[in-house]
1. For SER143, list long-range residues whose amide hydrogen, built 1.01 Å from N in the peptide plane, is under 5 Å from its own amide hydrogen.
2. Counting only other residues whose beta carbon sits under 12 Å from that of ASP154, what net charge do I get with K and R as +1, D and E as -1?
3. Roughly speaking, to the nearest percent, how much of the stretch 43-149's 1.4 Å accessible area is carbon and sulfur?
4. Rounded to whole Hz and in sequence order, give me ³J(HN,Hα) for the stretch 238-244 from the Karplus expression 6.51 cos²θ - 1.76 cosθ + 1.60, θ = phi - 60°, writing x for Gly and Pro.
5. Going by average Cβ neighbours within 10 Å, how do the peptides 54-60, 73-79 rank, with the highest at the top?
6. Taking the Cβ of TYR108 as the center, what net charge do the other residues with Cβ under 11 Å away carry, scoring Lys and Arg +1 and Asp and Glu -1?
7. Over the stretch 148-222, average the accessible area per residue using a 1.4 Å probe and give it in Å², no decimals.
8. Test of understanding: what is the full-extension gain from LYS136 to PHE266, defined as 0.36 nm times their sequence separation minus their Cα-Cα distance?
Amino acid sequence: MASPASPPPSLRFGQVVIGPPGSGKTTYCLGMQEFMGQLGRKVVVVNMDPANDGLPYKCAVDVSELVTLDDVMDSLKLGPNGGLLYCMEYLEANLDWLENKLNQYSDYYFLFDCPGQVELYTHQSSLKNIFAQLSKWNFRLASVHLVDSHYCADPAKFISVLCTSLASMLHVELPHVNVLSKMDLIEQYGKLAFNLDFYTEVMDLHYLLDHLASDPFFKKFHQLNLKLAEVVEDYGLVSFVPLNVQDKQSMTSVLRTVDKANGYCFGDLEERNLQAMMSAAVGADFQFDAALGVQERYVKTREATVEEEMMDL
């Protein structure tokens, strides 16, 4: 007599937090855990980085219990990059361990704090396969891709950020939210050439290329930058949400965007406001006003001199 089929796992929502090293992923997980806890959500953080020791948050599941980067480097004589790739492949080969750990938290919201190696999200398949398996386990996930906001002050680096973000979106194959982190430091390394909404909405990049061509070093790479910008614009997928973890309004904006991406705002885990759900359904967010408010808080305005106004005329 065949045994009765086990019931499907309950629906669970979460975020996979990815991005380059130093972009603020761990700080984001700590801040989002505390922020959602104040909203009444039960949140657990899963550390997916075997090299991340000294975690500032309370960690429910830690991949370091399965494999650590130091052990892999010592035993296999690998460098940090190759060792981290091996750790992710080892985790992919031991998904039953991860499943048993996650099944201990059936009605929680999950934050997956991922490693900071870019190739894991652009062309290496281990994390992509792990995310796909999580979806089969009835997880509804959104990818939150963090990049430093001060890259906006450097046109060449911003084009690189756009290409990396686009490659991650296409490779990871999850609902995706790009975030400009550390908004309070956006002009730490230089002034913005355009208003903030130019960068968050990724408007006509030809203006950025013209600005970049004024630099003699980058002028000879104009055609290359032009083709890269055309790739980004042809896909039309990349946009950004500004974030300062210490700003409650900024955290609310990011969380609302992520809730729409992973479908949490349409679920039944807590009482929802019907108007907010309808707003999410039709995308009725006024991003221009939001970007303008962020710019007023974090971007210093500079009064033009009479000579500069005359030059503009």
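1. Correct list: VAL16, HIS176, VAL177.
2. Net of charged neighbours comes to -1.
3. 45 percent
4. So the J values, rounded to whole Hz, are 8, 8, 10, 10, x, 9, 10.
5. 54-60, 73-79
6. Every neighbour counted, the sum reads +2.
7. It amounts to 46 Å² per residue over the stretch 148-222.
8. Fully extending the segment from LYS136 to PHE266 adds 44.8 nm.
The values are calculated or read from the model by the stated rules, or taken from the named source; none is laboratory data. Worth saying up front: this structure is predicted, and the values here are computed from it rather than measured. Please note: Cβ atoms are built from the backbone with ideal geometry, for glycine as well, and neighbour counts cover all protein chains shown. Calculation scope for accessible area: heavy atoms of the full protein, side chains included, ligands and nucleic acids excluded. Shrake-Rupley method; radii C 1.70, N 1.55, O 1.52, S 1.80 Å.
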